[in-house]
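Trainee: To start, I am sharing the structure in question, which I have written as structure tokens.
The values are calculated or read from the model by the stated rules, or taken from the named source; none is laboratory data. Treat the numbers as computed from the prediction; the structure is a model and nothing was measured. Positions of Cβ are generated from backbone atoms using ideal geometry, with glycine treated the same way; all protein chains shown enter the neighbour counts.
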Amino acid sequence: MADTPATVPVTHSIALPTGDLTVKVLSSDFPLDELCGFAARRNPKRGFLFVSKVLGKHIPVRPSLMRSVHTHLAAKIPTDLPGPIVFVGMAETAVALGHGVYDEYARLSERSDMTFLHSTRYRLDKTVAMEFREEHSHAADHIIYLPDDERNRLFFENARSLVLVDDEASTGATFINLARAFKERMPSVQQVVTAVITDWRGPARAAANERDMPVPSRMVSVLEGEYQFAPAPGLVAVEMPKVVGDNGLKDHLIAGNYGRHGLSSSFACVENAWQVAAKLKVDCDLGAAKTLVLGTGEFAYPPFLVAEALERLGVDVFYQSTTRSPVMIDASGAIAAGLNFQDNYGDGIPNFVYNVTPGQYERVIIAHETPAGSLDQTLVDALNAYSLEM
């Protein structure tokens, strides 16, 4: 992806089944069509979706490209933020992005007074630090748990800076809700940095966001722009699939800690990923086979690390993860194909994988944190996939 900053505003019009979307790119470090596409959403709150091409969620992506975006975004975050710093990746879309930006910021800044967490939709037998809502999401409730170990808990409880990471910002309301929840929980917070790949708020909304934040804030992004959406006349609301879980405890399904209750170092995850990748290359006879590593929902960063290691081992590999986000399929749009199946966390929620079709890859590896047998066999069979329990 070539670094070609755009400073002249460019307007694009996109006709979607749900209405007409107009976006104006005000500035961007990379061309728009390298960063994202657009799709219609089965969501009465908002009928469109900015579909990132570099996130590793709805569109398969090279791990090295994902990593370069993590690095690019991390480099925009000031290295002299007051510490301790708490990084938060937003579930489920920005779990891997948030963790990757955290790791790259730690490397670039050489700081150690930080902890990373990601929000989650799942109830665990852990101490809840806060809950907050995402305004236009298909699944509104986020939970943030208090870190388990004493060091990360001290960073969390005494945080002076927050770095909140998501794939895009369109209204900024979610960031405001989260920042207010943090400030109420931790009065020590002095400033907030929000980090996104694409910032679609526009100047007026961005200024309003700054006024509504509980502390001084700034946003860093790869692209800045604004949008307008005109819903199609007479658009009939569709019945939304179930997106809310049973609210039961999931500790029996989620044994590891990959960010839900605080991490300061990814060293163990990286070491494990290299071991797993080396074994997979042999056991699955990857060789020159076109390969997809598929994460599952919030379990996104460890599978990404495996895909990254495979790429460095010479495998022709792409990465993405499944989602609970219901998006309309449109052969001419950014979501050209999709498979639906049941979630692997026991909630009976429809899950989806987009832009992947049976036979597209010679090898598919589905990585999951839940126990063996938890994957919907429909998905495994459709992709002739290898199930990797991590």
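Trainee: Could we say that GLY333 is surrounded by fewer than 22 Cβ atoms within 10 Å (Cβ to Cβ), at pLDDT below 95, at positive phi and not polar (S, T, N, Q) here?
Mentor: no
Trainee: Now, a different point. Can you confirm whether THR79 is part of a loop (DSSP other than H, G, I, E, B) and not charged (D, E, K, R)?
Mentor: Yes, satisfied.
Trainee: Any residue at all in the stretch 269-290 that is under 29 Å from LEU162 (Cβ atoms), part of a strand (DSSP E or B) and of a type in the set (A, V, I, L, M)?
Mentor: no
Trainee: While we're on this one: If you go through the stretch 82-112, how many residues are outside any helix (DSSP H, G or I) and not polar (S, T, N, Q)?
Mentor: 14
Trainee: So is ALA195 surrounded by fewer than 18 Cβ atoms within 10 Å (Cβ to Cβ), of a type outside the set (S, T, N, Q) and out of contact with any Phe, Trp or Tyr (no Cβ under 8 Å at 6 or more places or on another chain) or not?
Mentor: It is false that ALA195 is surrounded by fewer than 18 Cβ atoms within 10 Å (Cβ to Cβ), of a type outside the set (S, T, N, Q) and out of contact with any Phe, Trp or Tyr (no Cβ under 8 Å at 6 or more places or on another chain).
Trainee: THR322 fails exactly one of the following numbered conditions: (1) of a type in the set (Val, Ile, Thr); (2) over 27 Å from PRO147 (Cα atoms); (3) crowded, with 18+ Cβ neighbours inside 10 Å. What is the number of that condition?
Mentor: Status for THR322: all satisfied but (2).
Trainee: Looking only at the stretch 231-241, decide whether some residue is in contact with a helix residue (DSSP H, G or I) (Cβ under 8 Å, 6 or more places away or on another chain) and at negative phi.
Mentor: No, every residue in the stretch 231-241 fails to be in contact with a helix residue (DSSP H, G or I) (Cβ under 8 Å, 6 or more places away or on another chain) and at negative phi.
Trainee: Just one of (1) of a type in the set (Val, Ile, Thr); (2) under 17 Å from the mean Cα position of the chain (by Cα); (3) over 24 Å from ILE144 (Cβ atoms) trips up THR79, so point out which.
Mentor: (2)
Trainee: Which pairs do you get when a residue that is farther than 19 Å from ASP246 by Cβ and in contact (Cβ under 8 Å) with a residue 12 or more places away in the chain, found in the stretch 109-122, comes within reach of a residue that is assigned to a loop (DSSP other than H, G, I, E, B) and polar (S, T, N, Q), reach meaning Cβ atoms under 6 angstrom, with the pair 6+ apart or on two chains?
Mentor: If the second residue must be assigned to a loop (DSSP other than H, G, I, E, B) and polar (S, T, N, Q), the pairs left are SER109/THR79; THR115/SER264.
This table checks each residue for (1) of a type in the set (Phe, Trp, Tyr); (2) touching a strand residue (DSSP E or B) at 6+ places or on another chain (Cβ under 6 Å); (3) surrounded by 20 or more Cβ atoms within 10 Å (Cβ to Cβ).
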position: LEU81; (1), (2), (3): no, yes, yes
position: ALA94; (1), (2), (3): no, yes, yes
position: GLU104; (1), (2), (3): no, no, yes
position: GLU110; (1), (2), (3): no, no, no
position: ARG121; (1), (2), (3): no, no, yes
position: LEU124; (1), (2), (3): no, no, no
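Trainee: Please verify whether the stretch 324-333 includes one or more residues that are more than 21 Å from ASP167 (Cβ to Cβ) and touching a helix residue (DSSP H, G or I) at 6+ places or on another chain (Cβ under 8 Å).
Mentor: Scanning the stretch 324-333, I find no residue that is more than 21 Å from ASP167 (Cβ to Cβ) and touching a helix residue (DSSP H, G or I) at 6+ places or on another chain (Cβ under 8 Å), so the answer is no.
Trainee: Restricting attention to the stretch 13-53, and to residues there that are of a type in the set (S, T, N, Q) and not in a strand (DSSP E or B), which single residue is surrounded by the fewest Cβ atoms within 10 Å (Cβ to Cβ)?
Mentor: ASN43
Trainee: Pull out all pairs, ordered by first then second residue, where Cβ-Cβ is under 8 Å, the residues are six or more apart or on different chains, the first lies in the stretch 362-390 and is among the small types (Gly, Ala, Ser), and the second is part of a helix (DSSP H, G or I).
Mentor: Once the first residue is among the small types (Gly, Ala, Ser) and sits in the stretch 362-390, its partners that are part of a helix (DSSP H, G or I) give ALA367/PRO302; ALA367/PRO303; ALA367/VAL306; ALA385/LEU379; SER387/VAL380.
Trainee: Still on this structure: For the stretch 221-237, which residues satisfy the criterion of being in contact (Cβ under 8 Å) with a residue 12 or more places away in the chain, surrounded by fewer than 20 Cβ atoms within 10 Å (Cβ to Cβ) and out of contact with any Leu (no Cβ under 6 Å at 6 or more places or on another chain)?
Mentor: Passing the criteria: TYR227, GLN228, ALA230, PRO231, ALA232, LEU235, ALA237.
Trainee: What are the residues in the stretch 249-297 that are more than 22 Å from ALA106 (Cα to Cα), free of Cβ contacts under 8 Å to residues at least 60 places away in the same chain and under 21 Å from the mean Cα position of the chain (by Cα), if any?
Mentor: If the condition is that a residue be more than 22 Å from ALA106 (Cα to Cα), free of Cβ contacts under 8 Å to residues at least 60 places away in the same chain and under 21 Å from the mean Cα position of the chain (by Cα), then no residue fits.
Trainee: While we're here: Among the residues of the stretch 323-334, is any under 30 Å from VAL236 (Cα atoms), in contact (Cβ under 8 Å) with a residue 60 or more places away in the chain, β-branched (Val, Ile, Thr) and in contact with a strand residue (DSSP E or B) (Cβ under 7 Å, 6 or more places away or on another chain)? So that I can check it myself, show each step before the final result.
Mentor: Keep residues of the stretch 323-334 that are under 30 Å from VAL236 (Cα atoms), which gives 323-334.
From the residues that got through so far, the ones that are in contact (Cβ under 8 Å) with a residue 60 or more places away in the chain too are 323-328, 330, 333-334.
From what is left, the residues that are β-branched (Val, Ile, Thr) are 323, 327.
Next, from what is left, pick out any that are in contact with a strand residue (DSSP E or B) (Cβ under 7 Å, 6 or more places away or on another chain): 323, 327.
Within the stretch 323-334, one or more residues are under 30 Å from VAL236 (Cα atoms), in contact (Cβ under 8 Å) with a residue 60 or more places away in the chain, β-branched (Val, Ile, Thr) and in contact with a strand residue (DSSP E or B) (Cβ under 7 Å, 6 or more places away or on another chain).
Trainee: Is it the case, given these coordinates, that THR115 is outside any helix (DSSP H, G or I) and either of a type in the set (Ser, Thr, Tyr) or under 18 Å from ASN158 (Cβ atoms) (or both)?
Mentor: On the way: outside any helix (DSSP H, G or I): yes; either of a type in the set (Ser, Thr, Tyr) or under 18 Å from ASN158 (Cβ atoms) (or both): yes.
So THR115 passes the test.
Trainee: Scanning the stretch 94-108 for residues that are among the charged types (D, E, K, R) and under 17 Å from the mean Cα position of the chain (by Cα), which turns out farthest from ILE77 (Cα to Cα)? Outline the logic, then answer.
Mentor: Residues of the stretch 94-108 among the charged types (D, E, K, R): 103-104, 107.
Add one more test, that the residue is under 17 Å from the mean Cα position of the chain (by Cα), and what stays is 103-104.
Details: ASP103: 13, GLU104: 10 Å.
My answer is ASP103.
Trainee: How many of the residues making up the stretch 198-220 are exposed (fewer than 15 other Cβ atoms within 10 Å of the Cβ) and touching a Gly at 6+ places or on another chain (Cβ under 6 Å)?
Mentor: Final tally of qualifying residues: 0.
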